[in-house]
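What follows is a set of notes on a single structure, which appears directly below.
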Amino acid sequence: MARILIVDDSAVMRLNLKKILTEAGHEVVGEAPNGKVALGMYEKLKPDLVTMDITMPIMSGVDATGMIINKYPEAKIVMISALNQKKMVYEALKNGAKHYIIKPIDKEKVMGVLGEVISDDEGYKEQAPSERPEREDKGPHFLIENIEGVFVITLREGFNSKDMDDMNTAMQGILFVKPLKLRFNFGELSTFNDGYLNRIMVYAKKAHESGGEYEFVLENETLRDVVLFKEGTYL
């Protein structure tokens, strides 16, 4: 299980997060009320993951994320955001945050995102396959990461209408970034809903029209042909 630092100026929010995380078997190694305190605690504790509120006094989560990532590029930071803070979320993603959670929080939402971010931690890798806990496939069936200034959208088996809605919400904030660099990673998927694929082409087109870049990564030749055909139609 992960060692987690909680950063939030709300004592109630820290308490709620701590309850969710500890009940799931994680260890909360520290709590910080603002970004400045979080910097010192990260230096001292070297946690596996940080949950970082966006708006805090003294130093915001966006600034603290940038400073932590600048010194510790391997740091895993998940932003905790209100729905109306989309632009700030994507500033944090540009600064190196790995993911985000939109308030109000609940156990399923928090554990879904944290599971995506820490699924490759060493503790999990060391377990034999038969010893790994079963994970319910409740989604999301996509992951958005900022990797050296490129927003990598990894699409997974089971992608559905709810995932598309969630991606639309996420992309509204990403589209403010200029220049916008997108990489859609279909991995080994052999099929993908035509309507969802059309929407992804719209995002690629917006990146292109804004002077940015886009890329499609596919391993399956059949789906690659479909995507290339769509690309020729839209772009």
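The values are calculated or read from the model by the stated rules, or taken from the named source; none is laboratory data. Computed from a prediction, not measured in an experiment: that's the story for all the values here. Cβ: placed from backbone, ideal geometry, glycine included. Neighbour counts: every protein chain shown. Accessible surface is based on the protein model in full, side chains and every heavy atom, while ligands, DNA and RNA are left aside. Shrake-Rupley method; radii C 1.70, N 1.55, O 1.52, S 1.80 Å.
Figures for the structure shown
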{"item": "Global size of the range 151-202 as Cα Rg and Dmax, reported in angstrom", "result": "11.2, 32"}
{"item": "Mean-position separation - Cα centroids, the range 68-112 and the range 219-235, in angstrom", "result": "32 Å"}
{"item": "Positive-pole candidate from Ile101, Ala38, Ile4, dipole of the range 1-103, charges at beta carbon", "result": "Ile101"}
{"item": "Length-normalised contact order for the range 140-181 - Cα pairs under 8 Å, 6+ apart - percent", "result": "36 percent"}
{"item": "Estimated dipole of the range 1-119 in Debye, rounded to 20 [Cβ of Lys and Arg +1, of Asp and Glu -1, Cα centre]", "result": "120 debye"}
{"item": "Gyration tensor over alpha-carbon atoms, the range 11-97, equivalent ellipsoid semi-axes in Å", "result": "19, 16, 12"}
{"item": "Anisotropy class of the range 1-47 from Cα gyration tensor, a/c 1.5 cut", "result": "oblate"}
{"item": "Å² of accessible area per residue within the chain, as computed with a 1.4 Å probe and no ligands counted", "result": "51 Å²"}
{"item": "For Gly212, residues with placed amide H under 5 Å, excluding near neighbours", "result": "Leu180"}
{"item": "Percentage of interatomic Cα-Cα distances in the chain larger than 34 Å", "result": "18 percent"}
{"item": "Stretch gain in nm, segment Lys107-Lys71, where the contour uses 0.36 nm per residue and the Cα spacing is subtracted", "result": "9.9 nm"}
{"item": "The range 11-121: relative contact order as a whole-number percent, Cα under 8 Å and 6+ apart", "result": "21 percent"}
{"item": "Portion, in percent, of the accessible area of the range 1-91 that falls on carbon or sulfur, probe 1.4 Å", "result": "57 percent"}
{"item": "Average Cα contact separation per residue, the range 153-235, under 8 Å, 6 or more apart, as relative contact order %", "result": "35 percent"}
{"item": "Convex hull volume per residue in cubic angstrom - Cα atoms of the range 146-235", "result": "86 Å³"}
{"item": "Assigned charges on the beta-carbon of Lys, Arg, Asp, Glu; the chain dipole about Cα centre (debye)", "result": "820 debye"}
{"item": "Percent of beta bridges antiparallel (DSSP, the chain, rounded to nearest 5)", "result": "20 percent"}
